[in-house]
């Protein structure tokens, strides 16, 4: 009885995650050169990885058909400009709002004139002025979706404990994970006395990173955690929390390490200070590189299916892509766990009480 | 992609591979000695592996 349910659950999960291996656009044109196909694949990969101002699920550039919806653009350019990204027509036309003209160039918005001229300098960078861009882009939209999802799931989980000791509702799947984070990540690293203050942040960051990694593996074409700005924000929050909760022991350990001779103390101080900044920096790079590299490799291998136009090559490549997707599922959960674990470790360093009177 | 970039990328992968391989090996030895500590050893192994992979990726992206 239990194994039947498990079998159904596994089948549905694996089917959902293998759906992104379906063909996305027509390549029936028999005269397509290999170079042209590679350029197309590269363009598709770029479209998947980069943030964009509209949410396009899939597109067909020759027939100019796009499936998706457009997101609001919010600009501050001596006045608030609010319009829909459909005015850009996927980067082709110039949007006009309150007398100012804007154009998309490589996914960034620049201020331009009625013809949409972009002046480039020697390094092919545009020299037009950029308004302050507060738009709801694809990444922002996905973060909002994830936040609402987490609110619903965990709010439901918390409320369901009011009815009895056993959780009900869809959030109950996450109760063992919450307990695991509390008992095996927070308590051992931060200590019995102070772990409760950091639990909300640790839980939030774990499920935030995990859900966004999983969303990145679906066919929707979102890539939130593979964006260095997002991981930078998460790492900065961890950094700020550790610094603001550092007690006297923590700062002493950085600048004047107790228990070592004085020349060593002077040598250790700059190294420890560097370490204070390098640890969150490594958090940022680790998550970003793992997820970004996973997406690029996975989509390159799927693109390889289009280059091999026969059954054997395409079939074998499909299985390779399938197994790689399974590995990416593991990496999604693992990177979330590692981020949370290291954050808890750093919090533990910051609030460590004076327990070593002898040699350090 | 020029040759030096490719050679550098290969070196990075070799370094990360050797590091994580050694950790995996020690973890296996430790589990063989004391099978009931499997959970803790696995946790420590994953942490060390993730740290090494973090450096590997950082270097790969800088190159």
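The values are calculated or read from the model by the stated rules, or taken from the named source; none is laboratory data. What you see is a predicted model, and the numbers here were worked out from it, not measured in a lab. Methodologically, a virtual Cβ is constructed for each residue, glycine included, from the backbone with ideal geometry; neighbour enumeration extends over all protein chains shown.
Listed by first and then second residue, the pairs with beta-carbon distance under 9 Å, at least 6 apart or on different chains, first residue in the stretch A:320-335 and farther than 14 Å from residue A:305 by Cβ, second surrounded by fewer than 16 Cβ atoms within 10 Å (Cβ to Cβ), are A:326/A:14; A:328/A:297; A:329/A:13.
You will find that of B:47, B:12, B:6, the residue that is more than 12 Å from chain A (Cβ to nearest Cβ) and part of a helix (DSSP H, G or I) is B:6 and no other. Look at residue A:135 and say whether it is under 23 Å from residue A:227 (Cβ atoms) and either at pLDDT 80 or above or surrounded by 17 or more Cβ atoms within 10 Å (Cβ to Cβ) (or both). Yes, satisfied. Would you point out the residue of the stretch B:31-44, among those that are in contact with a helix residue (DSSP H, G or I) (Cβ under 8 Å, 6 or more places away or on another chain) and under 28 Å from residue A:282 (Cα atoms), that is nearest to the other protein chains (Cβ to nearest Cβ)? Applying the filter and picking the extreme gives B:43. The strands (runs of 3 or more DSSP E) found entirely in the stretch A:59-130 that carry 1 or more residues being within 24 Å of the chain's Cα centre (by Cα) are A:65-70, A:72-76, A:100-105, A:108-112.
Looking across the stretch A:179-196, the residues that are farther than 29 Å from residue A:227 by Cα and away from every other protein chain (no Cβ under 14 Å) come down to A:179, A:190, A:191, A:192, A:193, A:194, A:195, A:196. Wholly within the stretch A:151-241, which helices (runs of 4 or more DSSP H) include no fewer than the required count, namely at least 3 residues that are exposed (fewer than 15 other Cβ atoms within 10 Å of the Cβ)? Per the criteria, A:175-180, A:195-217. Regarding residue A:268, is this residue crowded, with 16+ Cβ neighbours inside 10 Å, at pLDDT 85 or above and within 16 Å of the chain's Cα centre (by Cα)? So residue A:268 fails the test. Please give the number of the condition residue A:173 fails out of (1) more than 14 Å from chain B (Cβ to nearest Cβ); (2) under 26 Å from residue A:347 (Cα atoms). Only one criterion is unmet by residue A:173, namely (2).
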